[in-house]
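Chemist: Before I ask anything, here is the structure I am working with.
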Amino acid sequence: MAPPADTAAPHPRGIDPTTAIIAAAAVVLALSFGVRATFGIVLDPVSQTFGWPIAVFSLSIAIQNMVWGLAQPLFGLIADRYGDRRALWLGLGCYALGMVATVVSTTPMMQHLGAGLLVGAGVSGTAFGIVLAVVGRAVPEARRAQAMGLTAALGAFGQVTLPPLASWLTVAYGWQTTMGVMTLLLLPMALAIPIMTPARRGTAPAAAEPAVPLGEMLRRAVGHPSYVLLALGFFVCGFHIAFMTVHLPTYIYDMCGSVALGGTALAIIGGANVVGTLVAGQLGARFPKPYILSAIYALRAVVIAVFIAIPTTPLTVIVFSGIFGMLWLSTVPLTSALVATMFGTRALATLYGFVFLSHQVGSFFGVYIGGRVYDAFGTYEYMWYAAIVLGVVSALVHLPVRDRAWQAPVGAPA
């Protein structure tokens, strides 16, 4: 059965429906990821306000990442069975409640609930798993990697603008005001979600795909070596990105003595990510996606190794942010497009959700262990070493992945 065609507002007059979907999807992604990226800016101020070790609020953000991953298959199931927009509205509601709880909470447990559980669920319902599934259903396979890359790239503008704004607000008015403003900035999602109209029954690319029960599709995925390797490799992406999003501002402050430079670094990463994601989408349409992914992870390891081997100065931070930003989320459209290639788009949100769960397990460890290591040793040195090793491992893991549709084993029923 195709995803339900739930009633939605018509696309803006005179705009191609696919263009409108991509634009609305980019708005949702930009706000979802932009607001999430500000938690690293307030990590130290929140800890100082309540006299907590860095690891306490790091655990809240680690829970956020883990819940994001654990909830992704559930939100994917809601999207695939009941409509994409229902999943998006639920995600927005959780996100807003979590942000409000973050502002008013004064105990670790309340922050774990607000910044952790609720925000994590909110990001899960408004991020790549749901949004890119909508885009994937709206375009034919030949354009899918490019369309997903364009959406992810446009969505990166939230990380370009919101971390510097959060840095300025935190210095000028405090972290509570910063989080309050970030909460209000989620509201434009309510205008974008109705535009993300599911394709009409019979016109979606998925309409030509054979109907396969969701349980059977999950069985195929778990038994498919390329799908399993893709999930294992995505663990490293989560480790890298979550560790740097949360702890890079603190690392930069320790090394360079500047709060603003941390926000600037995240903004530069976001800006470079726009270019990197667009390039990855274009490359994915021309070359085997697994090899591109392998190259991205290998380059990450090299860039990190060079960064920690030379003195850390504002200039090296800026250069590192620009180069690593090119590799930041360029893995996402390639990974989601591979899942769509293997199994089609009917259950894309659900199947990508399980791959993304691995990503978020990596995120949990990157954030939480990063905080524990910093509290124990007063440095992130060992975390950087771990990031290098994992980058090499992921580069190797992606090499055997095959960029082709799932096929039943010889002698087995299709």
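Chemist: Anyone know which of V123, V389, V46 comes out most mobile in the 10 Å Cα GNM of the chain?
Modeler: V389
Chemist: Then there is this: Ratio of the chain's C-alpha Rg to 2.2 N^0.38 Å, to two decimals? Provide the component values of the computation, followed by the final result.
Modeler: Numbers: Rg = 20.2 Å, N = 414, 2.2 N^0.38 = 21.7 Å.
With N residues counted in the chain, Rg over 2.2 N^0.38 Å equals 0.93.
Chemist: Taking every Cα atom in the range 51-125, find the radius of gyration and the maximum pairwise distance Dmax, and write them in Å.
Modeler: Considering the range 51-125 through its Cα atoms, Rg and Dmax are 13.0, 46 Å.
Chemist: Can I ask one more? Return a whole-number percent for the relative contact order of the chain, with Cα pairs under 8 Å and 6 or more residues apart as the contact set. Don't skip to the answer; put the middle values down first.
Modeler: Working: 806 pairs, mean separation 114.6, N = 414.
Computed value for the chain: 28 percent relative contact order.
Chemist: Show me 50-63, 263-276, 331-344 ranked by packing, highest mean number of other Cβ atoms within 10 Å first. Please report the intermediate quantities before stating the final value.
Modeler: Details: 50-63: 20.9, 263-276: 23.9, 331-344: 25.8.
Sorting 50-63, 263-276, 331-344 by mean packing, highest first, produces 331-344, 263-276, 50-63.
Chemist: Kindly give Rg over Rh for the range 211-365, based on alpha-carbon atoms, with the Kirkwood expression for the hydrodynamic radius.
Modeler: On the Cα set of the range 211-365, Rg over Rh gives 1.04.
Chemist: Run the numbers for V171 and E141: contour at 0.36 nm per residue of separation, minus the present Cα-Cα distance, in nm.
Modeler: Numbers: separation 30, 0.36 × 30 = 10.80 nm, distance 4.69 nm.
The span from V171 to E141 would gain 6.1 nm if fully extended.
Chemist: Hey, what's the Cα Rg ratio for the range 87-151 versus the globular rule of thumb, 2.2 N^0.38 Å?
Modeler: 1.45
Chemist: Still on this model: Take the range 113-193, compute every pairwise Cα distance, and split them into 5 Å bins from 0; I just need the percent in each bin.
Modeler: Going from the shortest bin to the longest, the percentages are 3, 12, 17, 22, 19, 13, 8, 5, 2, 1.
Chemist: Among 184-194, 366-376, what's the highest-first ranking by average C-beta atoms within 10 angstrom per residue? All intermediate terms of the calculation are to be shown ahead of the outcome.
Modeler: Numbers: 184-194: 16.8, 366-376: 21.8.
Result, highest mean first: 366-376, 184-194.
Chemist: On to the next question. State the extension gain, in nm to one decimal, for the chain segment bounded by A376 and V100, taking 0.36 nm per residue of separation less the distance between their alpha-carbons. List each step's numbers first, then the result.
Modeler: Working: separation 276, 0.36 × 276 = 99.36 nm, distance 3.14 nm.
Between A376 and V100, full extension yields 96.2 nm more.
Chemist: Relative to the longest principal axis of the chain, what angle (0 to 90°, nearest 10) does the C-alpha long axis of helix 141-155 take?
Modeler: Long axis of 141-155 versus the principal axis of the chain: about 20 degrees.
Chemist: Given the options R300, R85, R286, which has the most mean-square fluctuation in a GNM of the chain, springs set between C-alpha atoms less than 10 angstrom apart?
Modeler: Judging by the Gaussian network model, the answer is R286.
Chemist: Under 8 Å for C-alpha pairs, at least 6 residues apart: give me the relative contact order for the range 286-414, rounded to a whole percent. Before the final figure, lay out the partial values.
Modeler: Numbers: 86 pairs, mean separation 65.3, N = 129.
Computed over the range 286-414, the figure is 51 percent.
Chemist: So how far apart, in nm, are the two label points at Q282 and V393 if each is 7 Å from Cα heading toward Cβ?
Modeler: 3.4 nm
Chemist: Let me ask something else. Would you kindly derive the ³J(HN,Hα) couplings of the range 298-303 from the backbone phi angles with the Karplus curve 6.51 cos²θ - 1.76 cosθ + 1.60 (θ = phi - 60°), listing them in order in whole Hz, with x for Gly and Pro?
Modeler: In residue order, the calculated couplings are 5, 5, 4, 4, 5, 5 Hz.
Chemist: Could you give the length gained on full extension between T19 and A305, defined as 0.36 nm per residue of separation minus the Cα-Cα distance, in nm?
Modeler: Details: separation 286, 0.36 × 286 = 102.96 nm, distance 4.00 nm.
Gain on extension, T19 to A305, equals 99.0 nm.
Chemist: Can you tell me the relative contact order of the range 249-344? Whole percent, Cα pairs under 8 Å, sequence separation 6 or more.
Modeler: 43 percent
Quick note: the coordinates plus some simple rules give every number you see, no bench work behind them. On a predicted model such as this, the values are computed, not experimentally measured, just so you know. Heads up, the Cβs are rebuilt from the backbone with ideal geometry, glycines too, and the neighbour counts pull from every protein chain shown.
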